[in-house]
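Quick notes on the structure that follows.
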2 protein chains.
Amino acid sequence: MNKLLIVGTVAFDAIETPFAKTDKILGGAATYIGLSASYFNLQSAIVSVVGDDFPQEYLDLLTARNIDISGIEVVKGGKTFFWSGRYHNDLNSRDTLDTQLNVLADFQPKVPQNFKNADVVMLGNLHPLVQSSVLDQMETQPKLVVLDTMNFWMDCALPELLDVIKRVDVITINDEEARQLSGEYSLVKAAAKIHAMGPKYVVIKKGEHGALLFHNKEVFFAPALPLEEVFDPTGAGDTFAGGFAGFITQSENISFENMKNAIIQGSNLASFCVEKFGTERMIDLDKEEVLSRLKQFKSLTQFDIEL
Amino acid sequence: MNKLLIVGTVAFDAIETPFAKTDKILGGAATYIGLSASYFNLQSAIVSVVGDDFPQEYLDLLTARNIDISGIEVVKGGKTFFWSGRYHNDLNSRDTLDTQLNVLADFQPKVPQNFKNADVVMLGNLHPLVQSSVLDQMETQPKLVVLDTMNFWMDCALPELLDVIKRVDVITINDEEARQLSGEYSLVKAAAKIHAMGPKYVVIKKGEHGALLFHNKEVFFAPALPLEEVFDPTGAGDTFAGGFAGFITQSENISFENMKNAIIQGSNLASFCVEKFGTERMIDLDKEEVLSRLKQFKSLTQFDIEL
C-alpha cells in the first residue's frame, strides 16, 4: 500500500451556524484531511501536536480509520489549538471569534521514521516553516507534494510561504487567497502567476461554486454537488484536499487526466462533510453511499455533444 | 428547418465597465437571443418594438444573421427602449443608471403569421402580459416554450408573472431571482418550488459560476468557461438562453439528456458574448471558433472515473 503523510492541525473547534452551535468539538485541518483520505486504499500518518486536554476518544477515532497517530505529539500540561467561528446566513463567509494557538505556538514537527519515504505528502494549513520542516525530513523524494494554505500566512509570513510554495507540486487555495497571492482578479491570470511561483498544478477552491484545476494551459472544473441543505461548511476545503491527495496516493498516477478524477473524488467527499457538524459525517461513511454520490457527480457534469 | 419565435426587447444600451464605457449601442434581450440562436440551423423571428430613432443598420445586422424582423414594429415618432448601467469592479453586479421604457410602455406584440406554428418559443425578459399575449397568438402548441424573466416583474407584476410561468416548459432565471421567487435560499429547494409553479425544467443561471438545470430529481451543471478577461457581461444571460433555445430548435429533441447539451451550447456562446462590448462579439463568430471552444468545454468538465 502506498503511503500518505499528512501534516496539519488537530484541534478543538467551536462552531456557530445559522442553525445551531457546538461546544468544543474535534476539528483541525489534518483531522479532516486524514478522515477524508481514509476512504482510499492507503497507509496514512498525521504529524501534528495536541495538549493533554485532548480526549483519547478523538485519537481513537483517527486510529479507527487506520490513521497512524505516532506523529501526533501530546504536550504534557499543554492546551490544544482552539478555533471558534460564526458563519453568516449564506454560509459562504464567517467571522473568527477566537483563536488560541496554545501548543501550536512552538510546534516542531517530527515525521515518523516509516513515513520518511511517503509517496505523497499533504501539507495542510499551518505555518509555512512547519510545512518546510516536514519536507526537510523526507528521506526520499515524494512522488507528489500538495500544499494547502490561507491568507493568514500571506499576511504575516509571506517570504516563508513563498519558500515552501517553490517546493511543492500542487497548491490548493481558495479564490480570494489566489487573488491576494497573485495580485490578479481573474482566476486564470492568478493561476498563471502562481504556477510561476513553483507549483505545476494550481487548484483554486470556490466553496459552493466548485473547484478549478490549472496545469499549463489546461483547466478542469468540478462543481460542488448541489445540496438541499448545507449544515456546516467547516472542514470542507480540507476534506476536499484529503480526498484529492488520498485518491492520488491510492492510484499512483500523477497525470493531469488522473488529477481530474482526484478533484472529483475530493469534491465528492466534501459534499458529505458539510451535511453535519464538524467531522460527524466523515467518521463512518459507507462505501455504497460514496459510490452512489460519485455517480451523481457523473450525471451532474457529463454530456454527450458529438464534435 | 424548424422555427424559433423570439419575443423580447430590441433596445439601446449605454454601458460602463471598469475598463471603458459606450454611448448608445445595440442591445436588448431579443437581440442577444436572436444573434445567439442564429448560430444554429433554424428559421427565427423576433417580435419586438422600436422607435423610428432606431438605426436601419441595426435592423440590417439582424437580417444579415437570417433573423426575420417582420415582427419588429417600428413606431413613428416613438423612441426606442433605453437602458443604461454601470458594472462594479468585480463585474458580477451592476447599478442601473437609467431606464426609459419609451415605445415599450404600450407594446402589443404581433406574431408574424408564418411563426404562429413555431416549434420553439423563447419568451425573453419583458412584461409577463406581453409574454402571455405571444403564447395566446400561437395556432399550434409549440414543442417547447422557454421563459426568461427578472426580479423587476416579481416586484411589480407577480400575479401576471405566475400566470405565464404556469404555461411554460422551461424557465431560466438567475440565482438571486430564484431565491426571491421561491422564498428558499437553497437552490435545490428553490428549483423544486419553481417546478411546482409549472415549468418541468428550471434553469438557474449563476453568471461566472455557471448554470444549473433541474428536472424532477435530476440536476445538470455547466460551468462558465474560465476566461482571462471578462470585458462586458451585458447580454450573457440572454445569449445563454438563445443558445439553449437555438440548439433545442435545431435538434428537435426535448429530452433531459439533450437539454444538457443545450445548456453547454448556451454557455459556450455566452463565453464569447462577454469578450467585447455589447453585441460586438456575437455578430460574426466563425464556426471553427465555436467548435473549438465546445471542445474546451469538454476537456473542462469531462472525466473518466470508472464506477
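Assorted remarks:
- Residues that are open to solvent by 10 Å² or more (accessible area, probe 1.4 Å) and either assigned to a helix (DSSP H, G or I) or under 24 Å from A:GLU289 (Cβ atoms) (or both) within the range A:44-61 comprise A:GLN56, A:GLU57, A:TYR58, A:LEU59, A:ASP60, A:LEU61, listed in sequence order.
- Given (1) touching a residue at least 60 places away in the same chain (Cβ under 8 Å); (2) touching a helix residue (DSSP H, G or I) at 6+ places or on another chain (Cβ under 7 Å); (3) among the aromatic types (Phe, Trp, Tyr), index of the condition A:PHE221 fails: (1)
- Selection from the range A:130-154 of residues that are aliphatic (A, V, I, L, M), part of a helix (DSSP H, G or I) and under 17 Å from A:ILE46 (Cα atoms): A:VAL130, A:VAL134, A:LEU135
- Residue in the range B:251-258 that is open to solvent by less than 30 Å² (accessible area, probe 1.4 Å) and among the aliphatic types (A, V, I, L, M) present: no
- Helices (runs of 4 or more DSSP H) completely within the range A:155-208 that count 3 or more residues being open to solvent by 10 Å² or more (accessible area, probe 1.4 Å) and away from every other protein chain (no Cβ under 14 Å): A:158-165, A:175-182
- Count of the range A:209-224 residues which are within 10 Å of chain B (Cβ to nearest Cβ), open to solvent by 20 Å² or more (accessible area, probe 1.4 Å) and touching a Lys or Arg at 6+ places or on another chain (Cβ under 9 Å): 2
- Filter result (charged (D, E, K, R) and assigned to a strand (DSSP E or B)) within the range A:95-129: A:ASP95, A:ASP98
- Restricting B:THR149, B:THR140 to those that are open to solvent by 30 Å² or more (accessible area, probe 1.4 Å), without any contact (Cβ under 8 Å) to a residue 60 or more places away in the chain and more than 14 Å from chain A (Cβ to nearest Cβ) reduces the list to B:THR140.
- Condition check for B:GLU306: more than 10 Å from every other protein chain (Cβ to nearest Cβ), farther than 24 Å from B:PRO142 by Cβ and of a type in the set (D, E, K, R): no
- Single match in A:ALA245, A:ALA241, A:ALA262 (criterion: within 14 Å of another protein chain (Cβ to nearest Cβ), open to solvent by less than 10 Å² (accessible area, probe 1.4 Å) and among the small types (Gly, Ala, Ser)): A:ALA262
- Residue under evaluation B:LEU227, criteria (1) open to solvent by less than 30 Å² (accessible area, probe 1.4 Å); (2) under 17 Å from B:VAL290 (Cα atoms); (3) aliphatic (A, V, I, L, M), criterion not met: (1)
- Here the range A:298-307 is the region considered, the condition is being open to solvent by 30 Å² or more (accessible area, probe 1.4 Å) and not acidic (Asp, Glu), and the residue that is modelled with the lowest pLDDT is A:LEU307.
- The set of residues from the range A:195-211 being hydrophobic (A, V, I, L, M, F, W, C) and in contact (Cβ under 8 Å) with a residue 24 or more places away in the chain comprises A:MET197, A:VAL202, A:VAL203, A:ILE204, A:ALA211.
- Annotation: of all residues in the range B:272-297 being open to solvent by less than 10 Å² (accessible area, probe 1.4 Å), more than 9 Å from chain A (Cβ to nearest Cβ) and not in a loop (DSSP other than H, G, I, E, B), the one that is farthest from B:LYS205 (Cα to Cα) is B:MET282.
- Residues in the range A:249-266 that are acidic (Asp, Glu) and touching a residue at least 12 places away in the same chain (Cβ under 8 Å): 1 in all.
- Taking residues in the range A:272-300 that are free of Cβ contacts under 8 Å to residues at least 40 places away in the same chain and within 12 Å of A:THR239 (Cβ to Cβ), and partners anywhere that are open to solvent by 50 Å² or more (accessible area, probe 1.4 Å) and outside any loop (DSSP other than H, G, I, E, B), the pairs with Cβ atoms closer than 8 Å and at least 6 places apart or on different chains are A:PHE272/A:GLU289.
- Selection from the range B:87-108 of residues that are surrounded by 14 or more Cβ atoms within 10 Å (Cβ to Cβ) and more than 20 Å from the chain's Cα centre (by Cα): B:GLN100, B:ASN102, B:VAL103
- Across the range A:225-238, the number of residues qualifying as facing another protein chain (nearest Cβ under 8 Å) and acidic (Asp, Glu) comes to 2.
The values are calculated or read from the model by the stated rules, or taken from the named source; none is laboratory data. All figures in this text were calculated on a predicted structure; none of them were measured in a lab. Every residue, glycine as well, gets a Cβ built from its backbone with ideal geometry; the counts of neighbours run over all protein chains shown. In case anyone asks, the SASA skips ligands and DNA or RNA and just uses the protein heavy atoms, side chains included. Shrake-Rupley method; radii C 1.70, N 1.55, O 1.52, S 1.80 Å.
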